[in-house]
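Notes follow the structure.
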Amino acid sequence: MTATPAPPPGPAALPAPAGADGFDFTSPFSRAGTGSSKWARTGGVPGVIPMGLADMDLPGPPAVAEALRRRAGHRAYGYTVCDPAGRALVADWYRARHGVEVDPDWVLLLPCGPRTALRILLETVRADTGRPQPPVLFPTPEWGGFAQLCRAAGLPYRELPLHLGPGGYRMPRGPFPRPACAVLLSSPHNPSGTVWPSGSVRGLAGWAADSGALLVSDEVHGDLTHPGSGHSVAVTTACPEDRHRVVTLNSVGKTFNCSGIPSSWALVPNPALRTRFTDALAGYGLWEGGLLEQTVQQAALREGGPWLDALLTHLVAARTRFTDRLGPAVRSAPRASYLLWLDAAALGLPPASARQALLERCGLESSDGSEFGPGGHGSLRLNYALPGSALDTVLARLERLDPG
C-alpha cells in the first residue's frame, strides 16, 4: 500500500468551521465516530480515501441540523401523521427551483428511501401484469440497484446498452422489447452524471406508454444538476401526454447529504396507481409521514436553497479540476451530481482489477464498474464530493498513475 498514513480519527466527528456564509466546503471535515458506511469501505486502513459510495464528505445544511435539534428537544417521539403542507412544499420547490408545475395531489411523502419505494412500486406493477411477466427494461451501465430490486421482486429484466459517443452517453436505441412491464431510468444518469435531453426523455416515455409499460424516473441526483446543464428533474412534468404512465421518485437524501434518515417522495399523477401504491406501502407498515423524515425534508426544502447553491459552486469547481487532470479517461463529462465515470485502461490500470490497482497505487477506494451491469466492465466510479483540502490530496495521488 502506497497511501500516505493519516492520523487515527478521534472519538467523535469534528464540525467544520463555518465560512462567512455559514457554509464551508474547503476545510477538513471528519466523519469519525458517525458509523459512516462510506468510510467503513476503507477497511480501517490508514490513509485510504473512500470515493466509491455516493455520499458526500461535506457538512450538510445548518437548517437541517437546527431543525433536528429543535425537534429532539421536545422529548416526545411517538407516532406522527403526515403533514399535508409537505405536499405543497414539494410542489413549491419544483416551481421555484426548476420552473415546473407539480400538482400537490400527485405527491406521496414516504418514510422510506427511494430504493424501498421503487421495490414496492415494482411489486405494485407486478401484481397488475399477470403471467408470464414481461421484463423490466433499463440502460447499461446503470445503478446496480435496479437489477437487485428486479430480482427481489421476482421480475425478469433486460439491460439495454447506452450509446457512448464523443459527446458522452445517449439514450438506448430501439427497437425495444414489447411488451414491457416497466422502464427504469436514473435521471441524471448514475454513474456518469449525464443530463438526459428532454426530447430523449419524452421519446422514451412515449415508447413506454405505447408498450403498456410504466416509466419510473429515479431523480435522487436531479437537484444536483450543475448550473447551465439544463433540467433533469420531474420527468412526470416533461411528459404531459404520457404522465399517467410515469412515476418520479426523488428525495432530499443525496441533495442535502442526509441519506441516513431515509425519506423520499413519489410523483404519481395516475390516481388509480397512486391508490394501489399507497395500499402496497401500507402492507409493509409504511404510511405517509414519519417524524424525523418530515423534520429533515421540510427544513431542507424550506431553507436549504442557499446552501445548495454554494454546494453546486464547489462541485462544479471540483469537477473541472478532475476532468482537466484526467482528460480522455473521463467516459462522459458529468453535468450533475458528484460522480466521475472513468475508463480504467486510459488511467493505466488493468481493466479486470482496476479497483484494487487504484487502491494499491493511490490509496483511493472506488466503485468497480462491473457493479453497474455489462456496460460497466473496465470502468471505475469516483465520488468527488470532498472538502477542498481532500481534493488536493486526491489529485496529487492521481499523479502516480501512468497511462502509458
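The values are calculated or read from the model by the stated rules, or taken from the named source; none is laboratory data. Note that this is a predicted model, so its numbers are computed, not measured. Neighbour counts run over all protein chains shown; Cβ positions are idealised from the backbone, glycine included. With ligands, DNA and RNA removed, areas are computed over all heavy atoms of the protein, side chains included. Shrake-Rupley method; radii C 1.70, N 1.55, O 1.52, S 1.80 Å.
Observations
- Failed criterion for ARG69 (all others in (1) closer than 28 Å to LEU386 by Cα; (2) surrounded by fewer than 20 Cβ atoms within 10 Å (Cβ to Cβ); (3) under 23 Å from the mean Cα position of the chain (by Cα) hold): (3)
- Criterion: open to solvent by less than 20 Å² (accessible area, probe 1.4 Å) and not aromatic (Phe, Trp, Tyr) - qualifying residue of LEU291, LEU359, LEU347: LEU347
- Figure legend. Inter-residue proximity from segment 135-153: first residues in contact (Cβ under 8 Å) with a residue 60 or more places away in the chain, second residues charged (D, E, K, R), beta-carbon distance below 6 Å, spacing 6+ or different chains. Indicated pairs: LEU137/ARG158; THR140/GLU159; GLY144/GLU371.
- Filter result for PHE29 (in a loop (DSSP other than H, G, I, E, B), open to solvent by less than 30 Å² (accessible area, probe 1.4 Å) and in contact with a helix residue (DSSP H, G or I) (Cβ under 9 Å, 6 or more places away or on another chain)): no
- Of the listed requirements (1) at pLDDT 90 or above; (2) crowded, with 20+ Cβ neighbours inside 10 Å, PRO161 misses just one: (2).
- Selected residue (only one of ASN270, ASN250, ASN257 is modelled with pLDDT of 90 or more, among the polar types (S, T, N, Q) and in contact with a His (Cβ under 8 Å, 6 or more places away or on another chain)): ASN270
- Look at (1) modelled with pLDDT of 95 or more; (2) touching a Pro at 6+ places or on another chain (Cβ under 6 Å) and you find that LEU184 fails only one, number (2).
- Subset of segment 105-154 [of a type outside the set (A, V, I, L, M), open to solvent by less than 50 Å² (accessible area, probe 1.4 Å) and under 20 Å from ARG87 (Cα atoms)]: TRP106, PRO111, CYS112, GLY113, PRO114
- Boolean, THR248 is in a loop (DSSP other than H, G, I, E, B) and either more than 20 Å from PRO334 (Cβ to Cβ) or open to solvent by 10 Å² or more (accessible area, probe 1.4 Å) (or both): no
- Taking residues in segment 28-57 that are aromatic (Phe, Trp, Tyr), and partners anywhere that are open to solvent by 70 Å² or more (accessible area, probe 1.4 Å), the pairs with Cβ atoms closer than 9 Å and at least 6 places apart or on different chains are PHE29/LEU14; PHE29/PRO15; TRP39/PRO9.
- Hey, ALA300 surrounded by 20 or more Cβ atoms within 10 Å (Cβ to Cβ), touching a strand residue (DSSP E or B) at 6+ places or on another chain (Cβ under 7 Å), modelled with pLDDT of 95 or more and not acidic (Asp, Glu) or not: no
Okay, residues lined up against (1) among the aromatic types (Phe, Trp, Tyr); (2) in contact (Cβ under 8 Å) with a residue 60 or more places away in the chain; (3) in a helix (DSSP H, G or I):
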| residue | (1), (2), (3) |
| --- | --- |
| GLY289 | no, yes, no |
| GLN298 | no, yes, yes |
| ALA310 | no, yes, yes |
| HIS314 | no, yes, yes |
| ARG321 | no, yes, yes |
| LEU326 | no, yes, yes |
| SER332 | no, yes, no |
| LEU349 | no, no, no |
| ALA354 | no, no, yes |
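- Taken as a whole, the structure places ARG397 among residues that are part of a helix (DSSP H, G or I) and in contact (Cβ under 8 Å) with a residue 12 or more places away in the chain.
- Among residues of segment 175-184, those that are in contact with a Leu (Cβ under 9 Å, 6 or more places away or on another chain) and open to solvent by 20 Å² or more (accessible area, probe 1.4 Å), counted: 2
- Count - residues of segment 195-212 that are open to solvent by 30 Å² or more (accessible area, probe 1.4 Å), closer than 20 Å to ALA336 by Cβ and either in a loop (DSSP other than H, G, I, E, B) or in contact with a Pro (Cβ under 7 Å, 6 or more places away or on another chain) (or both): 1
- Check on GLY33, on the phi > 0 side of the Ramachandran plot and either out of contact with any Asp or Glu (no Cβ under 9 Å at 6 or more places or on another chain) or at pLDDT below 95 (or both): yes
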